[in-house]
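Here's the structure, in structure tokens; my notes come after.
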Amino acid sequence: MISAVNVFTGQPLWWSLGEPSGSERLSLIEHLKSFPNKSIVLLDRGFEANYLWAAISQCNTYFIARLRVSDLAARSLLTSGKKECFITLQTTSGAIRLRLIKCSSRAEPFVLVTNLIKVAKYPRADLTQLYKMRWEVETAYFRVKQYLQIQSWSSKNIHGIRLEIASHLLMLSFIAARVFRATRRLKNELLRINFKNAIFVFRSALFRATSECELLRAISNVTRVHQPGRSYPRYSRQPQNKWINLRRPSWRRKQRYSPDRTFS
């Protein structure tokens, strides 16, 4: 399965389910026309292909991809001492101008390639920071696997499995959008929304009439304190069935909780 995720809101935009022997690159090319005009696609390693980059550029779309350390152009930039350089690729559809950017990390430096070649308009630091937001895609995969149990199939046929995947991703998109909006309401920069408890809030309000304002207010109350400098994401290792069935959000522990009670 290949999918596109909005790195700002954590919402899945589209997904495609193919054969195990299928090509993820070709599947991406098939869906390029569904992207908004002048979108920026953040590609992980494994999507290094001249024909793929050319196809993205022809669709009036930008991309930022990470090159493997073994790539000749990446090794050349890393050993040159330069921070960025430009190369020209010859493809079947013509020549394309690309920009290589050297990025530093705690482990080892890596190289990004992009067709955003205007240095003044797209500074190197901004592109590096933007690409690091691609980790939100991995976070979305974790949430849909750990919290929504997308791999627990109820159906036995391909049509039913496709419907289950679509429903899980739709639910993730709906909750992620509300968490994003509730996060923007927070005035304390050290607070973060607890996504796990946000699902609990959403479940309790799913089968009754709840306004958008009430839902955002309730989600805004399930926060945690962000510790600056943490190099790894914070999440609970408890099994899903324990927290969803036995525990209540901390902001409800001192109150008499009822699913039919309106939020205040």
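The values are calculated or read from the model by the stated rules, or taken from the named source; none is laboratory data. Bear in mind the structure is a predicted one, so any value in this text is a computation, not a measurement. Don't worry about glycine lacking a Cβ; one is built from the backbone with ideal geometry, like all the others, and counts go over all protein chains shown. Accessible surface is based on the protein model in full, side chains and every heavy atom, while ligands, DNA and RNA are left aside. Shrake-Rupley method; radii C 1.70, N 1.55, O 1.52, S 1.80 Å.
Below is a table of values for the structure above.
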{"read-out": "Looking only at segment 27-49, and only at residues there that are in contact with a strand residue (DSSP E or B) (Cβ under 9 Å, 6 or more places away or on another chain) and of a type in the set (V, I, T), the one that is most open to solvent (accessible area, probe 1.4 Å)", "value": "I40"}
{"read-out": "So S3, is it surrounded by fewer than 19 Cβ atoms within 10 Å (Cβ to Cβ) and within 22 Å of I150 (Cβ to Cβ)", "value": "yes"}
{"read-out": "Options Y122, Y141; residue that is at pLDDT 90 or above, within 21 Å of L43 (Cα to Cα) and of a type outside the set (A, V, I, L, M)", "value": "Y122"}
{"read-out": "Any hit, segment 210-230, residues being at pLDDT below 70, surrounded by 15 or more Cβ atoms within 10 Å (Cβ to Cβ), closer than 21 Å to T139 by Cβ and more than 21 Å from the chain's Cα centre (by Cα)", "value": "yes"}
{"read-out": "Selection count where residues are outside any helix (DSSP H, G or I), more than 19 Å from the chain's Cα centre (by Cα) and either buried (at least 17 other Cβ atoms within 10 Å of the Cβ) or not polar (S, T, N, Q) (or both), scope segment 150-167", "value": "2"}
{"read-out": "Qualifying positions in segment 7-26 - among the polar types (S, T, N, Q) and surrounded by fewer than 17 Cβ atoms within 10 Å (Cβ to Cβ)", "value": "S16, S21, S23"}
{"read-out": "Subset tally (residues that are loosely packed, with under 12 Cβ neighbours inside 10 Å, in a helix (DSSP H, G or I) and within 30 Å of the chain's Cα centre (by Cα)) for segment 71-90", "value": "1"}
{"read-out": "Segment 102-118, residues that are over 21 Å from L52 (Cα atoms) and touching a residue at least 12 places away in the same chain (Cβ under 8 Å)", "value": "K102, C103, R106, E108, P109"}
{"read-out": "Residue satisfying all of: in segment 91-113; among the polar types (S, T, N, Q) and touching a helix residue (DSSP H, G or I) at 6+ places or on another chain (Cβ under 6 Å); surrounded by the most Cβ atoms within 10 Å (Cβ to Cβ) among these", "value": "T91"}
{"read-out": "Number of the condition not met by N37 [criteria: (1) farther than 24 Å from Q90 by Cβ; (2) within 17 Å of the chain's Cα centre (by Cα)]", "value": "(2)"}
{"read-out": "Any hit, segment 94-101, residues being on the phi > 0 side of the Ramachandran plot and either in contact with a strand residue (DSSP E or B) (Cβ under 7 Å, 6 or more places away or on another chain) or in contact (Cβ under 8 Å) with a residue 40 or more places away in the chain (or both)", "value": "yes"}
{"read-out": "Selection within segment 51-67 - open to solvent by 50 Å² or more (accessible area, probe 1.4 Å) and among the aromatic types (F, W, Y)", "value": "Y51, Y62"}
{"read-out": "Test for V41: is it of a type in the set (V, I, T), more than 20 Å from I158 (Cβ to Cβ) and in a strand (DSSP E or B)", "value": "yes"}
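Here is a yes/no grid of residues against (1) within 13 Å of the chain's Cα centre (by Cα); (2) surrounded by 13 or more Cβ atoms within 10 Å (Cβ to Cβ); (3) polar (S, T, N, Q):
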residue	(1), (2), (3)
L116	no, yes, no
T128	no, yes, yes
V137	yes, yes, no
L148	no, yes, no
L169	yes, yes, no
F174	no, no, no
V179	no, yes, no
A182	no, yes, no
L190	no, no, no
